[in-house]
1. How big is the dipole moment of region A:47-179 about its Cα centre under a simple scheme where the beta carbon of each Lys and Arg is +1, that of each Asp and Glu is -1, and everything else is neutral? Debye, nearest 20, please.
2. On a 0 to 90 degree scale, rounded to 10, what angle separates helix B:207-216 from the longest Cα axis of chain B?
3. Per-residue Cβ counts within 10 Å, from other chains only, averaged over A:162-169: what number is that?
4. About the Cα centre of region B:92-175, how large is the charge dipole given +1 on each Lys and Arg Cβ and -1 on each Asp and Glu Cβ? Please answer in debye to the nearest 20.
5. If the only charges are +1 at each Lys and Arg Cβ and -1 at each Asp and Glu Cβ, what is the size of the charge dipole of region B:133-176 around the Cα centre, to the nearest 20 debye?
6. Share of antiparallel DSSP beta bridges in chain B, in percent to the nearest 5?
7. Simple spin-label model, 7 Å along Cα-to-Cβ: A:Leu9 to A:Lys133 in nm?
8. Where both residues lie in region A:46-176, what percent of DSSP beta bridges are antiparallel, nearest 5?
Amino acid sequence: MLLSLLSLLFKIYSCCIFVFKNVNFLIYLIFIIIYWCFLKIQKEYLIFNLFKEVKMHEFSICTSLINIINSEIKNIFLKSNYNEKNTSIKKINIKIGSLRQVIPEYLKFAYRTLTIDSYLFGSELNIDIIPLKISCNNCGYTGEIPFNKYVCVKCNSISIDITNGKELFIESIEIEENN
Amino acid sequence: MLNNISIKIYRDILHENNSIARENKSLLKNKMIKMFNLIGSPGAGKTSLLEGLNKHLLNKKIRFAVLEGDVETTRDSERLDKLGIKVSQLLTGGSCHLEASLIHQALNDLDLSAIKLIFVENVGNMVCPAEFDLGEDAKIAVLSVTEGEDKPIKYPLLFHEAKAVIITKTDLLPHLKYDLDSTIGFIHEINSKIKIFQVSALMDRGILDFCEWIINY
């Protein structure tokens, strides 16, 4: 197996030298092979060790996020003349309230890992963090307050209702049409 | 030529979990059972609190079950099982929280005819469990006096969602440099309507008040 691979590489190598008079092409090819192996290993390793064993809440959230996106995309394809071949998913826009304590980097990492080898791979996950907003029951102030100081900024009252900051939803999907 | 299309969808990400949670809730409502979700850091005293509650609930002849969430091992269930409490062990195998689907399976396996109350002892963690609804009647935050006073503002979602806070291990207060008033202040900052109980499971202090609050909830 290894021997045949080596002899194949050697054949390509001699071809390259003969045809292109340089070895750049071969280096590219080796890079592509290494990258492909890396993706395969990464998928097995990450999905097994991180997703199945250390399932932080970002991974749980990401799993349901991907399920929803897949079902929505299926719907879109059914209703229009777009399909997997003539489009690619460019961006997923989601909104998360700051009270949710979701770490965007972790969620993006989970997204990359869980979409490897799928139609969604390569699409960008755009996370919009919604700041904490309150309405004060004492003075009627409505607006943002700084994180970890849960009192009204105007009158210092603790009788407040949190109006924004607990969101967790998908806003839109951006699809690119390839002609 | 490339064409970009943006499609608005506005869908709740935890929709699947929330719909199973609603199923759990209606199942329990039909059977007239109340379910409470205990959330606190590892070592906060969640299991001890349940051990303490057992005596008072037995006196009042109220039968209850515990759904015990753990990452690994069944040690907590064994502790409760020794006292004759009905326990179902939920092993999450590395996951840091319980989800509604796991609770749904546990409820299906449990004999719901004889019990009035269910306590879910969540995995020791204050971030993730607050995120996932299980279909409970109320989330209850468990906080011990050996932790920092500022825990409530470090984990705001939990204290915002919870209907009651149990401050445990209060028998240790004379030996600690701990400002209980500032903790209570922080809790009220986040949630002014929350009920606070100060208990010591070891000395059996304050448990009865909490027990009555649960029964009348």
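1. Here region A:47-179 has a charge dipole of around 280 debye.
2. 50
3. Numbers: counts 5, 0, 0, 3, 3, 2, 5, 7.
The mean count of partner-chain Cβ atoms within 10 Å per residue comes to 3.
4. Numbers: 6 positive and 13 negative charges, 39 e Å.
Dipole magnitude for region B:92-175 comes out near 180 debye.
5. Values: 5 positive and 8 negative charges, 19 e Å.
Here the size comes out at about 100 debye.
6. Numbers: 1 of 31 bridges.
About 5 percent, rounded to the nearest 5.
7. Simple spin-label model gives 5.8 nm for this pair.
8. Working: 15 of 22 bridges.
About 70 percent, rounded to the nearest 5.
Quick note: the coordinates plus some simple rules give every number you see, no bench work behind them. Nothing here was measured: the structure is a model prediction, and the numbers come from that model. All Cβ positions, glycine included, derive from the backbone under ideal geometry; neighbour counts span all protein chains shown.
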